[in-house]
Amino acid sequence: MDFGGGDEIRFERKGRAGVVTLTRPKALNALSHGMVRALAKALAAWEDDPTIAAVLIRGEGRAFCSGGDIMQVYAAHRAGEEPPAAFFADEYRLNAHIERYRKPYVALIDGIVMGGGVGVSFHGSHRVVTENAQFAMPEVGIGFFPDVGASHLLPKLGGHFGRYLALTGNRIGWGDVLGCGLATHAINAADQERFAERLCDSGDADAALEGLTVSPARETEAAVLEAIGRHFARPSLPEIIEGLKAEVAADPFAARTLSTIEGRSPTSLLVAWREIEAGRGLSMADCMRMEFRILVRMLAGHDFYEGIRAAIVDKDRQPKWQPSRIEDVSTADIDAYFAPLGKRELTF
């Protein structure tokens, strides 16, 4: 089946399921604009196709999907071209469509899932992880912000775990992904093909999972979960940082977490804090409108491109954030990221 996307994404009709496979394993299945547009077309066609009962999405290789192809963004910036806001607009519309999809949307996550990969998986009805799953929203580490609906997903996690993930960008394994509520099910990697075959035969995701699900223990120990809940319950980012500083000498978790946060973009941290708090009271569509407002301002700024340079291009891991300290970022600076865009607002 050809919905576009070339050799980067494959669409198949298997039994009662529409099967999507991300086929850029050397690029860890990073999403290109062509992949986003092709997936949007397929989902629209399959939603109205009575012979398709469910959609299954998976990735080739060791990643489900590592995120959006940010090197395309960096290349456009270096060439002096218009920032590719259209890519993100189409991606965000796709994320919103997945969240309201009228049929079971099953993401089989066997490997790395980050950024844009989260957007095409964790808004679906069934988020199935294996022991190879590695989840992260690492955007604050590259001067960006947790997008693709993170403002809709992360506020729902108990124990302030969503705040922790957004502000640190730390990776978590399958036990934590399931335990915090991001995933709906876990299966062993060895059972993936059996599950996929069952799903394609029946079109019934719940029936296909019967007898295959497992309950992995959380990788994060109870004492650390308690510390996360205590520290990240504080009512502002500066108060979280001060609380961590107060316990650095006595608590390895506080020392590690403070060190991580202090290496992130101050602007990104403050934007992430506000978007996660705002997202608690917003619909998915309104979250995506908010995130698009932030995105447009990020593309016109400094830290995102500097973060890509330091992490991917030069790989010196020494980003020069502007401003370099949280106390130098004003409330007005952050307000500007959330201001309406007028005629440029994201529409659905």
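The values are calculated or read from the model by the stated rules, or taken from the named source; none is laboratory data. All values derive from a computational prediction rather than experimental measurement. Every residue, glycine among them, receives a Cβ derived from its backbone with ideal geometry; neighbour counts consider all protein chains shown.
Data table
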quantity	calculated
Count of the range 192-211 residues which are crowded, with 17+ Cβ neighbours inside 10 Å and either touching a residue at least 24 places away in the same chain (Cβ under 8 Å) or under 10 Å from Leu108 (Cα atoms) (or both)	8
Selected residue (criterion: nearest to the chain's Cα centre (by Cα)) from residues of the range 13-22 that are without any contact (Cβ under 8 Å) to a residue 60 or more places away in the chain and buried (at least 17 other Cβ atoms within 10 Å of the Cβ)	Leu22
Residue in the range 135-160 that is nearest to Arg234 (Cα to Cα), counting only those that are assigned to a helix (DSSP H, G or I) and in contact with a helix residue (DSSP H, G or I) (Cβ under 6 Å, 6 or more places away or on another chain)	His160
Residues satisfying the stated conditions in the range 169-195, i.e. assigned to a loop (DSSP other than H, G, I, E, B) and over 14 Å from Ser121 (Cα atoms)	Gly169, Asn170, Arg171, Cys180, Asn188
Residue in the range 241-262 that is in a helix (DSSP H, G or I), exposed (fewer than 15 other Cβ atoms within 10 Å of the Cβ) and hydrophobic (A, V, I, L, M, F, W, C) present	yes
Identity of the residue in the range 96-150, touching an Asp or Glu at 6+ places or on another chain (Cβ under 9 Å) and of a type in the set (D, E, K, R), that ends up surrounded by the fewest Cβ atoms within 10 Å (Cβ to Cβ)	Arg102
Within the range 311-321, tally of residues that are in contact with an Asp or Glu (Cβ under 8 Å, 6 or more places away or on another chain) and in contact (Cβ under 8 Å) with a residue 24 or more places away in the chain	2
Test for Thr168: is it in contact with a strand residue (DSSP E or B) (Cβ under 8 Å, 6 or more places away or on another chain), over 30 Å from Pro50 (Cβ atoms), touching a residue at least 60 places away in the same chain (Cβ under 8 Å) and hydroxyl-bearing (Ser, Thr, Tyr)	no
Residue among Leu244, Leu237, Leu269 that is within 30 Å of Gly301 (Cα to Cα) and either basic (Lys, Arg) or more than 23 Å from the chain's Cα centre (by Cα) (or both)	Leu244
Given (1) surrounded by 22 or more Cβ atoms within 10 Å (Cβ to Cβ); (2) under 22 Å from Ala272 (Cα atoms), number of the condition Asn170 does not satisfy	(1)
Output for the range 14-51, where each listed residue is in a loop (DSSP other than H, G, I, E, B), of a type in the set (Ser, Thr, Tyr) and touching a Phe, Trp or Tyr at 6+ places or on another chain (Cβ under 9 Å)	Ser32
Test: residue in the range 57-79 that is at pLDDT 95 or above, hydrophobic (A, V, I, L, M, F, W, C) and either over 17 Å from the mean Cα position of the chain (by Cα) or not in a strand (DSSP E or B) (or both)	no
